[in-house]
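Taking it in order: structure first as structure tokens, then the write-up.
The values are calculated or read from the model by the stated rules, or taken from the named source; none is laboratory data. No experiment lies behind these values; they were computed from the predicted model shown. Cβ placement follows ideal geometry from the backbone for every residue including glycine, while neighbour counts extend to all protein chains displayed.
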Amino acid sequence: MNGIKHLQKGLSLIELMVAIVIGLLLVAGVTQLFANNRQVYNVQDNRARMQENGRYALHALTEAIQRAGYTGCATRSGPNTINTLDSNPGFLEDFEISLQGNNATGPSNWTPSQDASISSPLSGNDIITVRTGIGSPIRVLDHDSSNQQIELGSNHGLAANDIVMVSDCLSAVILQIENVVGNNIIYDDNIDLQFDIPSAHITRLATRSLYIRTNPDGLPALYQRINNDAAQELVTGIENLQILFGEDTNQDGAANVYVSANTIGDWGDVVSVRVMLDATSIEDNVALQQRAEGDRRLSTSFQKTIALRNRLP
């Protein structure tokens, strides 16, 4: 009996507790590693989305500003353009001014004052408006001057009350469509419209305003309003928009000074626009430090100077 060895069966309480502690430490380490990786991914994802939103906002502003004053082949017609609209046009019909802005000069205050059609702009942010042709020019197939009808191809997309420019590239007329019947548009019988049909086209004109306002989720966003259409959100997370206008003071085609909208005397002297905007992350609590009390969003700035193509020499 003395030669029989007693083998250990199971673990002692102390050994079991040590094993549990080691296991908990391993689980805690893995959990912390996962949390850190998750936070790094979240920051990188928000930064990427923020950069993408900022670039897209800058692209949208660039595209709009570059097209200011574009009216197809009539862009350079100048004095040969006849405007048959009201002699004292409202903000949406003032196509004599292809570019203008509103400078934020105080809390919920802009100079010049913004038009009522620009709804709920976010205080402290500038506003820019361009007037231009949109879509592709539509070829004129026939013109019946006795019945004030212009025949177009099918699916032309024009509607009653649209403002258009009819041009044969040598001269142009701005008018408002009274009615659309099939492929024909009807215009006011007081307009004496003469043009060369083989080279004539119609371009729809639009007043397009871009500005910052708060979206339904409570986040700042870049909005666009075209004519009387409801304002549309273009991109979320754009929280600051400041605009300077390059003024050509000696008529050499180049900007001599960049000034805010409230100091512009003649919008026809503006040849370029400098846009500065700030983009922010959609999610909060991703930045290491607070930007303000309770605000830990990421943010970055963008800047670009944009030439007005249709005013280049």
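Scanning segment 248-269 for residues that are crowded, with 20+ Cβ neighbours inside 10 Å and either among the basic types (Lys, Arg) or at pLDDT 95 or above (or both) yields a count of 1. Output yes when any residue across segment 141-152 is among the hydroxyl-bearing types (Ser, Thr, Tyr) and either within 25 Å of Tyr70 (Cα to Cα) or part of a strand (DSSP E or B) (or both), and no when none is. The answer is no; no qualifying residue exists. You will find that of Leu170, Leu222, the residue that is of a type in the set (A, V, I, L, M) and not in a strand (DSSP E or B) is Leu170 and no other.
Beta carbons closer than 7 Å, at least 6 apart along the sequence or on distinct chains, pair a first residue in segment 241-260 that is within 17 Å of Asn310 (Cβ to Cβ) with a second that is among the hydroxyl-bearing types (Ser, Thr, Tyr) and surrounded by 16 or more Cβ atoms within 10 Å (Cβ to Cβ) for Gly246/Ser272; Ala255/Ser272.
If only one of Gly153, Gly90, Gly106 is over 24 Å from Asp229 (Cα atoms) and out of contact with any strand residue (DSSP E or B) (no Cβ under 8 Å at 6 or more places or on another chain), which one is it?
Result: Gly106 is the single residue among Gly153, Gly90, Gly106 that is over 24 Å from Asp229 (Cα atoms) and out of contact with any strand residue (DSSP E or B) (no Cβ under 8 Å at 6 or more places or on another chain).
Of the residues making up segment 221-234, those that are of a type in the set (A, V, I, L, M) and buried (at least 20 other Cβ atoms within 10 Å of the Cβ) are Ala221, Leu222.
Residues of segment 262-280 that are part of a strand (DSSP E or B) and of a type in the set (Gly, Ala, Ser): Ser272, Ala279.
Here Gly218 meets each of (1) within 24 Å of Leu158 (Cα to Cα); (2) surrounded by fewer than 19 Cβ atoms within 10 Å (Cβ to Cβ); (3) without any contact (Cβ under 8 Å) to a residue 24 or more places away in the chain with one exception, condition (1).
Comparison of Glu15, Glu52 shows that the only residue that is among the acidic types (Asp, Glu), surrounded by 10 or more Cβ atoms within 10 Å (Cβ to Cβ), in a helix (DSSP H, G or I) and modelled with pLDDT under 80 is Glu15.
Across segment 65-85, not a single residue is classified as surrounded by fewer than 13 Cβ atoms within 10 Å (Cβ to Cβ) and at pLDDT 75 or above.
Annotation note: Cβ proximity below 7 Å between a residue of segment 294-313 that is more than 18 Å from Asp45 (Cα to Cα) and a residue that is part of a strand (DSSP E or B) and of a type outside the set (A, V, I, L, M) (sequence gap 6+ or interchain) occurs for Thr305/Ser272; Thr305/Arg274; Ile306/Ser272; Ala307/Ser272; Leu308/Ser272.
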